[in-house]
Amino acid sequence: MPSSEEILKTSQRIFGRSFASRESPDGEGEENDDDPGDFDLGSIMGALQNMKEEIAGISNEEEKRKAAARVALGLVWGLEGGRGL
């Protein structure tokens with residue numbers, strides 16, 4: 001399973017630093033439910049597409065699964081506002 005730091009970095013790649021940095025996956029930091037951050041669906045979809053292409057280029061199946069898990073957890077963490085993990 002990816003570390004909290006890996007999940008946070010991936011979430012920041014997906015959502016951008018201002019949105020994803022509200023609280024770290026291990027519960028540290030600030031959280032503000034009233035501020036949705038800079039939620040830009042087009043940018044999020046573009047980041048996910050880029051990550052999909054990066055993962056498709058990985059030949060080692062175990063590394064490919066680990067990368068996909070980081071993206072999935074980073075996405076969930078960001079959508080849940082840091083409360084998903």
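The values are calculated or read from the model by the stated rules, or taken from the named source; none is laboratory data. Treat the numbers as computed from the prediction; the structure is a model and nothing was measured. So basically every Cβ, Gly included, is an ideal-geometry build from the backbone, and we count neighbours across all protein chains shown. Accessible surface areas use protein heavy atoms only, side chains included; no ligands, DNA or RNA. Shrake-Rupley method; radii C 1.70, N 1.55, O 1.52, S 1.80 Å.
Details
- The condition of being more than 14 Å from the chain's Cα centre (by Cα), open to solvent by 80 Å² or more (accessible area, probe 1.4 Å) and at pLDDT 60 or above holds for only one of GLU54, GLU28, that being GLU54.
- Residues satisfying the stated conditions in the range 38-66, i.e. more than 21 Å from LEU79 (Cβ to Cβ), in contact with a helix residue (DSSP H, G or I) (Cβ under 7 Å, 6 or more places away or on another chain) and in a helix (DSSP H, G or I): LYS64
- Taken together, the residues in the range 64-82 that are open to solvent by 70 Å² or more (accessible area, probe 1.4 Å) and more than 18 Å from GLU5 (Cβ to Cβ) amount to 2.
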